[in-house]
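What follows is one structure encoded as structure tokens, with my remarks underneath.
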Amino acid sequence: MIDRISNCPTEAALAIVGGKWKGIILHHLSHDTKRFNELRRLIPEVTQRMMTKQLRELEAHQIIHREIYRQIPPKVEYSLTDFGLTLTPILKALEAWGTEYIDKISALRQAS
């Protein structure tokens, strides 16, 4: 997918981090390392299958790291890679913009 849009950096970035669940996954991982079920508890609307798919895509693009601990029971943790950490200020800016947008739309609806 990235090959088709590599001539537009914005589209390339959105192709990697866009999608219904990737933003909120990245938001939670920007604060701390999380296990799979921790992410599921934080985002209860996402199915197990979709969470797995989104995490695998982010890992394939080297945005997150999957650490497997060989123990019983098995333990897997997800964290942002060094490259993924460079998204932190962008995520914070998007959060601020989103808050402002929600407030603006709410005010417009109340005024109607």
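Can you list the helices (runs of 4 or more DSSP H) lying wholly within the stretch 1-49 that have 2 or more residues being within 23 Å of Pro74 (Cα to Cα) and at pLDDT 95 or above? Helices (runs of 4 or more DSSP H) meeting the threshold: 22-29, 36-42. Quick one: is Glu38 surrounded by 14 or more Cβ atoms within 10 Å (Cβ to Cβ) and either among the β-branched types (Val, Ile, Thr) or in contact with a Lys or Arg (Cβ under 6 Å, 6 or more places away or on another chain) (or both)? Considered against the rule, which asks whether it is surrounded by 14 or more Cβ atoms within 10 Å (Cβ to Cβ) and either among the β-branched types (Val, Ile, Thr) or in contact with a Lys or Arg (Cβ under 6 Å, 6 or more places away or on another chain) (or both), Glu38 comes out as no. Of all residues in the stretch 54-68, those that are at pLDDT 95 or above have Cβ atoms under 6 Å from Cβ atoms of residues that are part of a helix (DSSP H, G or I) and surrounded by fewer than 16 Cβ atoms within 10 Å (Cβ to Cβ), 6 or more apart or on another chain, in Gln62/Phe83; Arg66/Glu59. For the stretch 62-79, give me each residue that is part of a loop (DSSP other than H, G, I, E, B) and surrounded by 10 or more Cβ atoms within 10 Å (Cβ to Cβ). Residues satisfying the conditions are Gln62, Ile63. Just give me the residues in the stretch 80-112 being surrounded by fewer than 11 Cβ atoms within 10 Å (Cβ to Cβ) and either in contact with a Ser or Thr (Cβ under 6 Å, 6 or more places away or on another chain) or closer than 26 Å to Asn37 by Cβ (or both), in sequence order. If the condition is that a residue be surrounded by fewer than 11 Cβ atoms within 10 Å (Cβ to Cβ) and either in contact with a Ser or Thr (Cβ under 6 Å, 6 or more places away or on another chain) or closer than 26 Å to Asn37 by Cβ (or both), then Asp82 is the only one that fits. A Cβ distance below 6 Å, combined with a sequence gap of six or more or placement on separate chains, defines the contacts here; from the stretch 77-88, residues that are modelled with pLDDT of 95 or more reach residues that are charged (D, E, K, R) in the pairs Glu77/Arg35; Glu77/Glu67; Tyr78/Lys34; Tyr78/Arg66.
The values are calculated or read from the model by the stated rules, or taken from the named source; none is laboratory data. The shown structure was predicted, so the numbers you read here are calculated from the model rather than taken from an experiment. Don't worry about glycine lacking a Cβ; one is built from the backbone with ideal geometry, like all the others, and counts go over all protein chains shown.
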